[in-house]
Amino acid sequence: MTAAFVAGADASSEVPLKRRLKRAERTRRLKALALILPLLLFLLFTFLGPIAGMLWRSVDDWEVRQVLPHTVAALADWDGKDVPGEPTFAALAGDIRTARDAGTIAIASKRLNYALNGFRTIMSGTARNLKTLPEPGTAKDTLIGINPAWGERATWVAIKGASGPLTSFYLLGALDLTRNLDGAIVAAPEEQAIYRDVFGRTFTISLGVTVLCLILGFPVAYMLATLPTGQSNVLMIFVLLPFWTSLLVRTCAWIVVLQSEGIVNDSLRWIGLIDEPLRLIYNRFGVYVAMTHVLLPFMILPLYSSMRSISPAYMRAAASLGASPVTAFLRIYLPQTVPGIGAGSLLVFILAIGYYITPALVGGAADQMISYFIAFYTTETVNWGLASALGAVLLLATLLLAVVYGKLVHGQQVTGGMKN
Amino acid sequence: MDGGMVTTAQALVRFVGVQKTYDGEHLVVKNLDLDIKKGEFVTLLGPSGSGKTTTLMMLAGFEVPTHGDIYLADRPIKNMPPHKRDIGMVFQNYALFPHLTIEENVAFPLTVRKMSRSEVKERVRSALRMIKLETLAHRHPGQLSGGQQQRVALARALVFNPQLVLMDEPLGALDKRLREHMQLEIKQLHETMGITVVYVTHDQSEALTMSDRIAVFNDGIVQQIDKPDALYERPVNSFVANFIGENNVLAGTVENIEQGFCRVALASGGSVVAQAVNVAGAGAATALSVRPERVSILTDGQAPDGMNALPAHVQDTIYLGDHALAVLKVAGNGEFMVKLPPGAHAGLSHGQSVSIGFRPEDCRALDPV
């Protein structure tokens, strides 16, 4: 017995206890890792990959670089103060000829048109009229002759700005910012500055929906958590019922209910409360109603699970110690539901931020959220750079929120005093 | 009637004809009459489902009596909400608020009473000193051991000087050693502070250790309410005799009753003399109750005059350190226990025939089981 003990002590002095523990746990950890490996790979290909791709696209600037390589090279040393010299014009003329033959001129002109409105016309006109390569030394005059815009500094600043390989153009654009001719960051022209508004609207609607879900969901969750198990299970089916129907169906159902000739308006008119149909849909009201309805379960479930873990003994204890029901609720019950409120609100808010189909179906033009514009730029105008930049800003905002929430919850747990 | 008035005046808590049913069919508490005096430590003891916890919950205000009235300091409290009753309560699993520190937990009953900050601080400090946990004031309940949490729950229930303190199996979750320690601690608090305590437990040794009086509940009825020693020495029915302590039961029929004693014919033949406590009369069935320590094994097989003697067969002997038990078969009862001094079991072997003897005063004829 003593001998064994001494031997054990010797072993521990040779190999540190920590390392021996690690060695003992290694197999188990490898097994655990093997179990999650399929999911890890799946996420890597379907989630992390696309997100990285999207983030890359928001700063990638390849079009002009690929189509007008010599021009980009010639502009590398341009100081941007004056219209560049003859060699740059010659390079441009050569690039345009090559691009026209290759049929790639539209790629570059689309990108340049983002930077300078009307660039598409300049490019196509020049490509059309530049029948042959100008004589050496006459490229500048020839091009300015075809389109006087080539003699303006702004045209060349646009090309230089779009020459990549990386650009802040899209990200700035997503924040209603742009660069002026001298490269300083300034506010975008008023008619183009819409995204801050859209982001603001997105956050306002999401916040509103979150608050509505909390107000409506809290009592439901409380009831579910306090009713006997049998009854609460039946009610829980009703909470989960929406998950069994498609989001599209649920949203369209609201159109049926809320439209001018819909159930609500018809009923109100029938009982004589109104003469003219109320405008309940294709406006902000419709968006709030439909989104709150769709997202309510995501609030109720975390609230329910946090309330379920609060023993009724706490409220009894509070009452026996002299707290009125209201005091007991505010000082004992409510603080213990904070993790549930936080989780539910975060879930609803983050889901709401990304909502696209519901506002698109039941909202008006002024109720479209950021996802609508992302979809618009992805599918309609194929401006993936801007779509990615809007997505990146949205992702950043969401991540920021998640971090703030994580800090709050962590703080809660520390003050909540759970052992370990 | 006069005597009744006196007890009424002294009683802090009075249950008068209280009934309680949850389902409208079956009464959980049947016609409860119970007086608890100021400064008394009364334990409600009984098996689970006997109505003791329901009784406590009615007193605390979490359950409403179906019938009858409860008086606290001569005021009916049937319709008074729990937070106005001024009753401190210690719950089974302590119910310490997990999001508050120990200090905030103990301060809670004071702050809801809107006491001044300085007084709250002073009272909390002295309460924590009382339970010797001053150093843990800023911890959360989850960081404390079971015994420490128990003490905090106690301090929280006492800090606002309630006129009555209820305890619902407060020591149930603690291990044996800690439980015994806490029993003494609660007992001391009761004595030094002069508080009135109503204590619910199903542990009879806990009840015997701590209580001034014990109300033994079974089937919604108080079977007997008495001091611990009286309850053990003089149970009034078979349920109490069996529930409190070890008990040997012998079934028989009453032959005659004379001056408080009766002769009982045992089912297996033979007869003994017993105190007639709870028997209907001659010819009625009865269950005799004899405590193991009141029985001796007769070495010479001869009982002294006036002592009951019965033949027995040794089934087993159990060594328990400070004493030993002999398990005998007596008059058809194969689990008849006799308590022996240490070492005395050595001479007994399985199957051996012996004689046992006990005095009629130590044998109580009770209602048949």
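The values are calculated or read from the model by the stated rules, or taken from the named source; none is laboratory data. Since the model is a prediction, treat every value here as computed from it, not as a measurement. Reconstructed Cβ throughout: ideal geometry from the backbone, glycine too, with neighbour counts over all protein chains shown.
Just for region A:58-79: of the residues that are of a type outside the set (D, E, K, R), part of a helix (DSSP H, G or I) and touching a Pro at 6+ places or on another chain (Cβ under 9 Å), which one is nearest to A:LYS160 (Cα to Cα)?
Looking at the filtered set, the residue picked out is A:LEU75.
Just give me the residues in region B:118-177 being closer than 26 Å to B:PHE62 by Cβ, within 12 Å of chain A (Cβ to nearest Cβ) and in contact with an Asp or Glu (Cβ under 7 Å, 6 or more places away or on another chain), in sequence order.
Across region B:118-177, the qualifying residue is only B:PRO162.
Out of the residues in region B:69-115 meeting the condition of being buried (at least 17 other Cβ atoms within 10 Å of the Cβ), more than 7 Å from every other protein chain (Cβ to nearest Cβ) and within 14 Å of A:ALA313 (Cβ to Cβ), tell me which one is nearest to the chain's Cα centre (by Cα).
Per the stated criteria, the residue is B:VAL90.
Looking at this structure, is B:PHE62 modelled with pLDDT of 95 or more and farther than 23 Å from B:ARG179 by Cβ?
In short, no.
From the residues in region A:308-319 that are assigned to a helix (DSSP H, G or I) and within 14 Å of chain B (Cβ to nearest Cβ), which one is surrounded by the most Cβ atoms within 10 Å (Cβ to Cβ)?
Of everything passing the filter in region A:308-319, A:ALA317 is surrounded by the most Cβ atoms within 10 Å (Cβ to Cβ).
Kindly list the number of the only condition in (1) more than 18 Å from A:ARG196 (Cα to Cα); (2) in contact (Cβ under 8 Å) with a residue 40 or more places away in the chain; (3) among the aromatic types (Phe, Trp, Tyr) that fails for A:TYR355.
Status for A:TYR355: all satisfied but (1).
Tell me, which helices (runs of 4 or more DSSP H) wholly within region B:153-235 include 1 or more residues that are touching a Phe, Trp or Tyr at 6+ places or on another chain (Cβ under 9 Å) and among the acidic types (Asp, Glu)?
In region B:153-235, the matching helices (runs of 4 or more DSSP H) lie at B:176-193, B:204-210.
Go through (1) crowded, with 16+ Cβ neighbours inside 10 Å; (2) farther than 23 Å from A:GLY208 by Cα and name the single condition A:LEU273 misses.
Unmet condition: (1).
I want to confirm something. Restricting to region A:320-350 and keeping residues that are out of contact with any Leu (no Cβ under 9 Å at 6 or more places or on another chain) and β-branched (Val, Ile, Thr), which single residue is nearest to the other protein chains (Cβ to nearest Cβ)?
Result: A:THR327.
Suppose we filter region A:82-103 for residues that are of a type in the set (D, E, K, R) and in contact (Cβ under 8 Å) with a residue 40 or more places away in the chain; how many remain?
Final tally of qualifying residues: 2.
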